[in-house]
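The values are calculated or read from the model by the stated rules, or taken from the named source; none is laboratory data. Note that the coordinates shown come from a computational prediction; the quantities given were computed from them, not determined experimentally. In this analysis, Cβ positions are derived from the backbone assuming ideal geometry, glycine residues included, and neighbour counts consider all displayed protein chains. SASA here: full protein model, heavy atoms, side chains in, ligands and nucleic acids out. Shrake-Rupley method; radii C 1.70, N 1.55, O 1.52, S 1.80 Å.
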Amino acid sequence: MQGLELNKIAAAVLLAGLIAMAVSIVTEGLYHEDESEKRGYTVEGVATTTTAAAPAAEEKPVDIKPYLAKADLNLGAQLIGRCTACHTFDKGKPNGVGPNQYGLVGRKVASAPGFTYSDAMQKKGGTWGFQELSDYLSNPQKAVPGNRMAFAGLKKPEERAALIAYINKNYSDHPLPIPTK
């Protein structure tokens, strides 16, 4: 009699295993994702790389002056939070992952004391004026290919103007006058 009970238990275990396997096969068929679909999600503000992209239409730089004239400093105060993960802004603070940005507007490119810039940024030359910062912040990798800033950029000129005006006003000993035209 005991052998018959063990056979019943073994049969029940085997049947449960077969049912679990059948359910797995059925659900795989119903909910299987197409491997060609992109997996994951996009994080705003982080640069992405693609292996095969169609050539994009050439974008013209946006004249930032009209946007600076009506820049929203409160928006700039919010946007600077995206920068503080890598940059410091207060006078005398040490560099972070990126250089300290105190006195950025009007400063020579690649000139923050104590920061080691990429070769690409050192070769850029020039001064960080309002337009230069706008062009760079719209797409850092396109503006200076080979730089180390891993930020996708600010696509909206209103946001760039707000951030630049905020930095100019609040993080400089000698803020530059905002262009009005």
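Could you please let me know if Glu132 is crowded, with 17+ Cβ neighbours inside 10 Å and either hydrophobic (A, V, I, L, M, F, W, C) or part of a helix (DSSP H, G or I) (or both)? If you could, list the steps in order and put the result at the bottom.
On the way: crowded, with 17+ Cβ neighbours inside 10 Å: yes; either hydrophobic (A, V, I, L, M, F, W, C) or part of a helix (DSSP H, G or I) (or both): yes.
Against the criterion (crowded, with 17+ Cβ neighbours inside 10 Å and either hydrophobic (A, V, I, L, M, F, W, C) or part of a helix (DSSP H, G or I) (or both)), Glu132 qualifies.
Does at least one position in region 87-102 carry a residue that is in a helix (DSSP H, G or I) and in contact with a Ser or Thr (Cβ under 8 Å, 6 or more places away or on another chain)? Full working, then the answer.
Here is the first cut: in region 87-102, the ones in a helix (DSSP H, G or I) are none.
For region 87-102, residues in a helix (DSSP H, G or I) and in contact with a Ser or Thr (Cβ under 8 Å, 6 or more places away or on another chain): absent.
Please determine whether any residue of region 87-105 is over 21 Å from the mean Cα position of the chain (by Cα), under 18 Å from Val144 (Cα atoms) and at pLDDT 75 or above.
Taking region 87-105 first, the residues over 21 Å from the mean Cα position of the chain (by Cα) are 90-94, 102-103, 105.
Next, only the ones that are under 18 Å from Val144 (Cα atoms) stay: 105.
Those left that are additionally at pLDDT 75 or above: 105.
Among the residues of region 87-105, at least one is over 21 Å from the mean Cα position of the chain (by Cα), under 18 Å from Val144 (Cα atoms) and at pLDDT 75 or above, which makes the answer yes.
Okay, residues lined up against (1) outside any loop (DSSP other than H, G, I, E, B); (2) more than 27 Å from Val105 (Cα to Cα); (3) in contact with a strand residue (DSSP E or B) (Cβ under 8 Å, 6 or more places away or on another chain); (4) modelled with pLDDT under 90:
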position	(1), (2), (3), (4)
Leu4	yes, yes, no, yes
Ala10	yes, yes, no, yes
Ala22	yes, yes, no, yes
Glu37	no, yes, no, yes
Gly40	no, yes, no, yes
Gly45	no, no, no, yes
Thr48	no, yes, no, yes
Ala56	no, yes, no, yes
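Mind checking which pairs have a first residue in region 167-181 that is in a loop (DSSP other than H, G, I, E, B) and a second that is open to solvent by 40 Å² or more (accessible area, probe 1.4 Å) and among the charged types (D, E, K, R), Cβ under 6 Å, 6 or more apart or different chains?
The qualifying pairs are Pro175/Lys169; Pro179/Lys65.
Condition check ((1) among the polar types (S, T, N, Q); (2) touching a Lys or Arg at 6+ places or on another chain (Cβ under 7 Å); (3) farther than 18 Å from Val97 by Cβ) across all residues:
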{"residue": "Gly114", "(1), (2), (3)": "no, no, no"}
{"residue": "Tyr117", "(1), (2), (3)": "no, no, no"}
{"residue": "Met121", "(1), (2), (3)": "no, no, no"}
{"residue": "Leu137", "(1), (2), (3)": "no, yes, no"}
{"residue": "Asn147", "(1), (2), (3)": "yes, no, no"}
{"residue": "Pro157", "(1), (2), (3)": "no, no, yes"}
{"residue": "Ile164", "(1), (2), (3)": "no, no, yes"}
{"residue": "Asp173", "(1), (2), (3)": "no, no, yes"}
